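Dropping the structure in here first, questions after.
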Amino acid sequence: MEGMLNILKPPGMTSHDVVDFIRKIYNIRKVGHTGTLDPDAAGILPVCVGNATKFVSYLLEQDKRYRFEITFGFTTDTLDKSGKIVKGGPVRILREEELRQVLNEFKGKIKQIPPMYSAKKIKGKKLYEYAREGKTIDIPPIEVTIYDIELVEYEPPYRVLIDVKCSKGTYVRALVRDICEKLNMPGYMSMLIRTEVGAFKIEDAYTLEEIREKKVLLQPIDKFIELPSVQLNKMEAEKILKGQFIQNRYPIETSLLKLYDNNGKFLGIGILERNKIRPKRLL
């Protein structure tokens with residue numbers, strides 16, 4: 001048994017809770033998700049089952065889309081609704097033009113400091129562990145890319161709804177913190193939905209209830225790996241499966257590619273080096 005599940009994670013569950021749920025339903029230990037969602041968040045959680053877990057690292061590289069809500073008036077230590085209030089302040093009515101102008105300032109490559117309550121590791125320890133111990137620590141900024149960020153709805157003066165497409169590693173809670181700082185108003189992330197992860201779309205996601213009733217079929221892993229593909233002849237496929245390299249005779253330039261045998265069966269991922277293709281990760 002192997003394949004992918006496009007799961008609609010409900011709020012109130014951890015990503016690990018969902019993995020445990022799938023293990024019990026399918027009676028299999030080899031299950032892994034491809035990018036943590038906070039317990040309060042909802043939306044797409046791609047889950048690999050069986051040998052598909054070999055390709056988790058490639059799915060982690062994919063871009064993501066989120067819809068999130070900012071509520072103005074106070075901020076919390078976790079930057080979302082689950083935290084303790086640490087600061088309050090006055091709220092003013094914003095012009096939508098001002099909001100859009102501030103959002104546009106975040107487009108492109110930006111530096112952001114991960115939230116203190118996050119699983120980001122510093123000196124071998126997760127940041128939330130430092131936070132729970134009451135310790136402060138210097139957190140180096142990370143570079144992420146905001147491909148698009150749009151105002152969806154503004155309900156003056158307290159609520160704004162925003163869509164964002166971003167690179168892997170982006171902390172939406174940190175984005176909320178920085179937007180509020182630009183607007184000079186306290187606020188927190190009151191809602192987060194992940195709507196897209198690479199080729200995974202929220203409209204195609206299944207609820208846990210649908211999975212429990214076994215109305216969901218496992219999808220092939222290669223369907224969601226966004227890499228160019230080549231179909232090998234029989235001799236090339238045999239060499240690749242033996243861990244050997246083959247000469248590149250295909251019009252490709254990217255270093256990573258999906259490999260298929262002469263019957264169209266997915267073999268795994270290859271890497272192009274010096275005009276030779278060798279196996280990188282086989283199914």
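The values are calculated or read from the model by the stated rules, or taken from the named source; none is laboratory data. The structure displayed is predicted, hence computed values, not measured ones. Using ideal geometry, Cβ is built from the backbone for each residue, glycine included, and neighbour counts are taken over all protein chains shown. We work out accessible area using only protein heavy atoms, side chains counted, and drop any ligands, DNA or RNA first. Shrake-Rupley method; radii C 1.70, N 1.55, O 1.52, S 1.80 Å.
Given the residues ARG100, ARG95, which is the only one that is within 20 Å of ILE146 (Cα to Cα), open to solvent by 100 Å² or more (accessible area, probe 1.4 Å) and of a type in the set (D, E, K, R)?
Matching residue, one of ARG100, ARG95: ARG100.
So VAL86 fits all but one of (1) closer than 30 Å to LYS135 by Cβ; (2) hydrophobic (A, V, I, L, M, F, W, C); (3) part of a loop (DSSP other than H, G, I, E, B); what number is the exception?
Here VAL86 clears every test but (3).
Specify which of the listed residues (LYS215, LYS239, LYS223) is of a type in the set (Lys, Arg), in a loop (DSSP other than H, G, I, E, B) and open to solvent by 50 Å² or more (accessible area, probe 1.4 Å).
Sole residue among the options that is of a type in the set (Lys, Arg), in a loop (DSSP other than H, G, I, E, B) and open to solvent by 50 Å² or more (accessible area, probe 1.4 Å): LYS215.
Moving on to the next point. Which of the residues belonging to the stretch 263-283 are open to solvent by 70 Å² or more (accessible area, probe 1.4 Å), in a strand (DSSP E or B) and of a type outside the set (Asp, Glu)?
Listed by number, the residues that qualify are LYS276, ARG278, LYS280, ARG281.
Which ones in the stretch 186-201 are open to solvent by 10 Å² or more (accessible area, probe 1.4 Å), of a type in the set (A, V, I, L, M) and under 17 Å from GLU226 (Cβ atoms)?
Hit for the stretch 186-201 is ALA199, nothing else.
Every residue in the stretch 70-91 that is among the charged types (D, E, K, R), open to solvent by 30 Å² or more (accessible area, probe 1.4 Å) and touching a residue at least 12 places away in the same chain (Cβ under 8 Å), please.
ASP77, LYS81, LYS87
Mind checking whether some residue in the stretch 6-23 is open to solvent by 10 Å² or more (accessible area, probe 1.4 Å), among the aliphatic types (A, V, I, L, M) and closer than 14 Å to VAL197 by Cβ?
Within the stretch 6-23, one or more residues are open to solvent by 10 Å² or more (accessible area, probe 1.4 Å), among the aliphatic types (A, V, I, L, M) and closer than 14 Å to VAL197 by Cβ.
If you check ALA131, ALA119, which single one turns out to be hydrophobic (A, V, I, L, M, F, W, C), part of a helix (DSSP H, G or I), open to solvent by less than 70 Å² (accessible area, probe 1.4 Å) and closer than 22 Å to GLY35 by Cβ?
ALA131
Among the residues of the stretch 244-262, which ones are under 24 Å from CYS48 (Cα atoms) and open to solvent by 30 Å² or more (accessible area, probe 1.4 Å)?
The answer is SER255, LEU256, TYR260.
Across the stretch 158-183, what is the number of residues that are out of contact with any Gly (no Cβ under 9 Å at 6 or more places or on another chain) and in a loop (DSSP other than H, G, I, E, B)?
Result for the stretch 158-183: 4.
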